[in-house]
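The values are calculated or read from the model by the stated rules, or taken from the named source; none is laboratory data. Predicted model only: the values in this text are computed from it and were never measured. Glycine also receives a Cβ, built like all others from the backbone with ideal geometry; neighbour counts cover every protein chain displayed.
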Amino acid sequence: MPEVQQMSEVQRLRRTRHSSGFSRIPIQTMSVYFITGIDTDIGKTYATGLVARFLRQRGISVITQKIAQTGTTGAVADDILLHRRLMGIEPLPEDLDGTTCPYLFPFPASPHLAAELENAQIDPKIITNSTTRLLKTFDVVLLEGAGGINVPIRRDYLISDYVQEHRYPTIIVTSGRLGSINHTLLTLEAAANRNIPAMGLVFNHCPLPDPVIQGDSLAIFRHKIAGALVEMPEVNLENIPDVDFSPIFRGRI
């Protein structure tokens, strides 16, 4: 009788966590995708949670991570909790032990300032170590930034420095609100100048912008960007939409 090989703990966890009722899409290598926005309060957290929901529904072992959370007093990052709700799951052990967001600060400001007010400084190596630990269990890590791509983590170090160093493929969240065209094109230019691979845009329809401005913004983005564009509807947490992000991930999953 042939010997039955025992499943490793990592294999067991991966099999458990991508049992979602959908056929599994194989991933050739473990991946990290960075999700940024053109500004604060643009919808990054909703986009990150919905992308995770999309991947999980396709049988992919995925977890979200946050670089730093400001304006919070909880033991678990507010954005991480929203990710889990959008994914349709409870908080994970990696959330409760701080792995998915190692830096929490009460003052609602840029991470560098929120840290300084607590007599602290963010160490990028701690963020990277958290990502490395997550990749031991999950195939995909979605790393959400804080504010826009050029927000400081420290006074001498920007989020764009971090993403550039790691060469993370990046998803940019935008909207049709007034000013978004300029902010979006500047974000794309900043990414290109640093050779950060931009996978595409997520166009957030909430809050509902002026329909004339919205239509014009979408037309310009479709004309200007080389990557994919996915429209994200207004999200009702009592009836969470399933958004098809496959144009952004085409050829990657």
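What the table shows:
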quantity	calculated
Residue match in the range 96-108 (condition: more than 13 Å from the chain's Cα centre (by Cα) and of a type in the set (A, V, I, L, M))	yes
Meets criteria (out of contact with any Phe, Trp or Tyr (no Cβ under 9 Å at 6 or more places or on another chain), surrounded by fewer than 21 Cβ atoms within 10 Å (Cβ to Cβ), in a loop (DSSP other than H, G, I, E, B) and of a type in the set (S, T, N, Q)) for N150	yes
Pair list, Cβ < 7 Å and 6+ apart or interchain, from the range 167-180 residues that are closer than 15 Å to F203 by Cβ to residues that are surrounded by fewer than 20 Cβ atoms within 10 Å (Cβ to Cβ) and at pLDDT below 90	S175/P209; G176/P209; R177/P209
Index of the failed condition, I122 passing every other in (1) touching a Ser or Thr at 6+ places or on another chain (Cβ under 9 Å); (2) surrounded by 16 or more Cβ atoms within 10 Å (Cβ to Cβ)	(1)
